[in-house]
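Okay, structure first, notes after.
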Amino acid sequence: MTEVQAVAADELEPPIFEISWQKLMMWAFIITDALLFSGYLASYMFTRLASDIGWPVQSEVFDMNFITLMTFTLITSSATMACAVKAASDGDPKLTRRYLLLTTLIGLAFLGMQAVEWSHFIGDGARLTGNPWGTGAFSAYFFMMTGFHGTHVLIGVVILLITFLRTSSDRLIADKVEVVGLYWHFVDLVWVFIFGCFYLL
């Protein structure tokens, strides 16, 4: 095959997987982390169904309006993150920075609300080993699931801030913003499942 034929073949037969290594690694992380969170939720549901002690009624323990506000806040950050990714793909660094900063601030607001929720929960007597409402597994799962998720949000906020600082009028890498968006959407989706399984069911 001549060089000209090889070039023509490359043009006719594009690579099957056109994806950067950063995006590939992020997808690998998301899949493995999703399995980990699924294991947590499955363990929680099994423990709850198998518990001989009455499981606390969530609406009597938590301020559901406040939890709903937390959920709405995180979902809103997913929308602003999507706007940042779109702005980056359009080559608009100014708008990208604006939405990245907004997403970062909303993420910090969520973490602040989670800290308030934790302080109230601990103030009411909840501990890793027990609580005033029944089986000790209830508070243990609360701390484990919301704490692990909150750590993911904190990491996401740091990554968002770094991406914001590294994005300037003459330096915009759309792929990196998209990778950050994948992580942030995953973190938001995980919270939706935690909200549904732990707080509502």
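Residue count for the range 42-59 satisfying the condition of being part of a helix (DSSP H, G or I) and closer than 17 Å to Thr135 by Cα: 10. Looking across the range 99-137 at every residue that is under 30 Å from Glu178 (Cα atoms) and out of contact with any helix residue (DSSP H, G or I) (no Cβ under 7 Å at 6 or more places or on another chain), the one that is surrounded by the most Cβ atoms within 10 Å (Cβ to Cβ) is identified as Leu105. Looking only at residues of the range 60-91 that are of a type in the set (Asp, Glu) and either under 30 Å from Thr135 (Cβ atoms) or more than 25 Å from the chain's Cα centre (by Cα) (or both), we find that the one that is modelled with the highest pLDDT is Asp63. Restricting to the range 37-86, name every residue that is closer than 30 Å to Val180 by Cβ and aliphatic (A, V, I, L, M). If the condition is that a residue be closer than 30 Å to Val180 by Cβ and aliphatic (A, V, I, L, M), then Leu41, Ala42, Ile67, Leu69, Met70, Leu74, Ile75, Ala79, Met81, Ala82, Ala84, Val85 are the ones that fit.
Could you figure out which of (1) over 16 Å from the mean Cα position of the chain (by Cα); (2) without any contact (Cβ under 8 Å) to a residue 60 or more places away in the chain isn't true of Arg97? Here Arg97 clears every test but (2).
Residues in the range 37-59 that are within 12 Å of Tyr199 (Cβ to Cβ) and loosely packed, with under 11 Cβ neighbours inside 10 Å: 1 in all.
Residues in the range 105-138 that are farther than 22 Å from Val153 by Cβ, touching a Gly at 6+ places or on another chain (Cβ under 9 Å) and in a loop (DSSP other than H, G, I, E, B): Thr129, Pro132, Trp133, Thr135. The residues of the range 86-98 that are surrounded by 23 or more Cβ atoms within 10 Å (Cβ to Cβ) and farther than 12 Å from Leu160 by Cβ amount to a single one, Ala88.
Yes/no per residue for (1) over 19 Å from the mean Cα position of the chain (by Cα); (2) among the hydroxyl-bearing types (Ser, Thr, Tyr); (3) modelled with pLDDT of 95 or more:
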{"site": "Phe110", "(1), (2), (3)": "no, no, yes"}
{"site": "Gly125", "(1), (2), (3)": "yes, no, no"}
{"site": "Pro132", "(1), (2), (3)": "yes, no, no"}
{"site": "Ile162", "(1), (2), (3)": "no, no, no"}
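Across the range 1-57, what is the number of residues that are of a type in the set (Phe, Trp, Tyr) and at pLDDT 90 or above? Qualifying residue count for the region: 6.
The values are calculated or read from the model by the stated rules, or taken from the named source; none is laboratory data. Note that the coordinates shown come from a computational prediction; the quantities given were computed from them, not determined experimentally. So basically every Cβ, Gly included, is an ideal-geometry build from the backbone, and we count neighbours across all protein chains shown.
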